[in-house]
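Student: Take a look at this one; I'll ask things after.
The values are calculated or read from the model by the stated rules, or taken from the named source; none is laboratory data. As the structure is a prediction and not an experimental result, all values here were calculated from the model. Note that we place each Cβ from the backbone using ideal geometry, even for glycine, and neighbour counts take in every protein chain shown. All accessible areas refer to the heavy atoms of the entire protein, side chains included, with ligands and DNA or RNA removed. Shrake-Rupley method; radii C 1.70, N 1.55, O 1.52, S 1.80 Å.
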Amino acid sequence: MPGPASKRRIPVSQPGMADPHQLFDDTSSAQSRGYRAQQAASGLGYPATSTLPQAAFLADPVSNMAMAYGSSLAAQGKELVDKNIDRFIPVTKLKYYFAVDTVYVGKKLGLLVFPYLHQDWEVQYQQDTPVAPRFDVNAPDLYIPAMAFITYILVAGLALGTQDRFSPDLLGLQASSALAWLALEVVAILLSLYLVTVNTDLTTIDLVAFLGYKYVGMIGGVLMGLLFGKMGYYLVLGWCCVSIFVFMIRTLRLKILAQAAAEGVPVRGARNQLRMYLTMAVAAAQPLLMYWLTFHLVR
């Protein structure tokens, strides 16, 4: 028998050494180690974000320039839109006409109903700029005309409802008719001022404000008609018609006739007579429109 020294010894593979009987190298452990290292680096089991295409794109200076250029174009577009809006819709000027407070509104409503007690009709100026309406009761505003127009439409709907004649179409016709007459008045006055060659600081917004004050009297007339019948309607509307006539005469003569006096136009001259007739025509048109837009609401 062979001795112990003749036994065949099987070589023991050392760690990190390939098996001598293995035909191919085992690379799975190396790949696993590489994947684990990459996983540990990312922290979430995915490759690091620095290798993503989006990160490379954002890091590109060309994309940064494109983003900056797009931002500048957006800013220029916004500035251009603001300029065009202010050109056709003077937002800064409209802020002046809505600069009112509760005290001004109360005084202005009293002036519209009782203009006979008012003495000083001059508009106050500060460094060639008219003061805000809340500081001067003679200054025109758009708050009262706008609120009065909305209230007039609501009161008209109430009057139609009490007579079982309410319908959205009829109420819309009432509102569109009032706006159409207001626009027609403004266009007619502007055309008349151009034909008479009147140089005045009376603007289109001023005309809208002055012509919109008649809705206050229309509201009072319709409400009194609902409460006391036609007798109350005619009494209140008649008072408001006379009041708005006096108010328009005393207001517009400072805008139209005062400028003529400053230009040295003779008081009894032909051109000055035309301006007086124009002022009286505008004032006389207010009571007629007040009656025309309200008489069918009271029965």
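Student: Every residue in the range 170-220 that is more than 29 Å from Ala159 (Cβ to Cβ) and within 21 Å of the chain's Cα centre (by Cα), please.
Tutor: Within the range 170-220, Thr203, Thr204, Ile205, Asp206 qualify.
Student: Do we have Asp164 as open to solvent by 80 Å² or more (accessible area, probe 1.4 Å), closer than 26 Å to Leu227 by Cβ, not in a helix (DSSP H, G or I) and not small (Gly, Ala, Ser) here?
Tutor: Working: open to solvent by 80 Å² or more (accessible area, probe 1.4 Å): yes; closer than 26 Å to Leu227 by Cβ: yes; not in a helix (DSSP H, G or I): yes; not small (Gly, Ala, Ser): yes.
The answer is yes for Asp164.
Student: So is Val196 open to solvent by less than 20 Å² (accessible area, probe 1.4 Å) and more than 24 Å from Lys95 (Cβ to Cβ) or not?
Tutor: On the way: open to solvent by less than 20 Å² (accessible area, probe 1.4 Å): no; more than 24 Å from Lys95 (Cβ to Cβ): yes.
When the stated conditions are applied, Val196 does not pass them.
Student: Give me the residue from the range 86-117 that is open to solvent by 80 Å² or more (accessible area, probe 1.4 Å) and within 18 Å of the chain's Cα centre (by Cα) and, out of that set, modelled with the highest pLDDT.
Tutor: Phe98
Student: Scan the range 180-200 residue by residue and report those that are in contact (Cβ under 8 Å) with a residue 12 or more places away in the chain and in a helix (DSSP H, G or I). Walk me through how you get there before you give the answer.
Tutor: Filtering the range 180-200 for residues in contact (Cβ under 8 Å) with a residue 12 or more places away in the chain gives 181-182, 185-186, 189-190, 192-193, 196-200.
Hits for the range 180-200 are Trp181, Leu182, Glu185, Val186, Ile189, Leu190, Ser192, Leu193, Val196.
Student: Sticking with this structure for a sec: Just the residues that are touching a Cys at 6+ places or on another chain (Cβ under 9 Å) and either without any contact (Cβ under 8 Å) to a residue 40 or more places away in the chain or surrounded by 18 or more Cβ atoms within 10 Å (Cβ to Cβ) (or both), please, taken from the range 272-299. Break it down into steps so the answer makes sense when it comes.
Tutor: Applying the first criterion (touching a Cys at 6+ places or on another chain (Cβ under 9 Å)) to the range 272-299 yields 286-288, 290-291.
Within the range 272-299, Gln286, Pro287, Leu288, Met290 meet the criteria.
Student: Any idea which of (1) more than 25 Å from the chain's Cα centre (by Cα); (2) surrounded by 18 or more Cβ atoms within 10 Å (Cβ to Cβ) is the one Ala132 doesn't satisfy?
Tutor: (1)
Student: Just to be sure, is Ile150 touching a Gly at 6+ places or on another chain (Cβ under 8 Å) and either within 20 Å of Asp101 (Cβ to Cβ) or among the aromatic types (Phe, Trp, Tyr) (or both)?
Tutor: On the way: touching a Gly at 6+ places or on another chain (Cβ under 8 Å): no; either within 20 Å of Asp101 (Cβ to Cβ) or among the aromatic types (Phe, Trp, Tyr) (or both): yes.
Answer is no for this residue.
Student: On to the next question. Report whether or not Asp206 is buried (at least 16 other Cβ atoms within 10 Å of the Cβ) and of a type in the set (Asp, Glu).
Tutor: Details: buried (at least 16 other Cβ atoms within 10 Å of the Cβ): yes; of a type in the set (Asp, Glu): yes.
Yes; evaluated as a whole, the condition is true for this residue.
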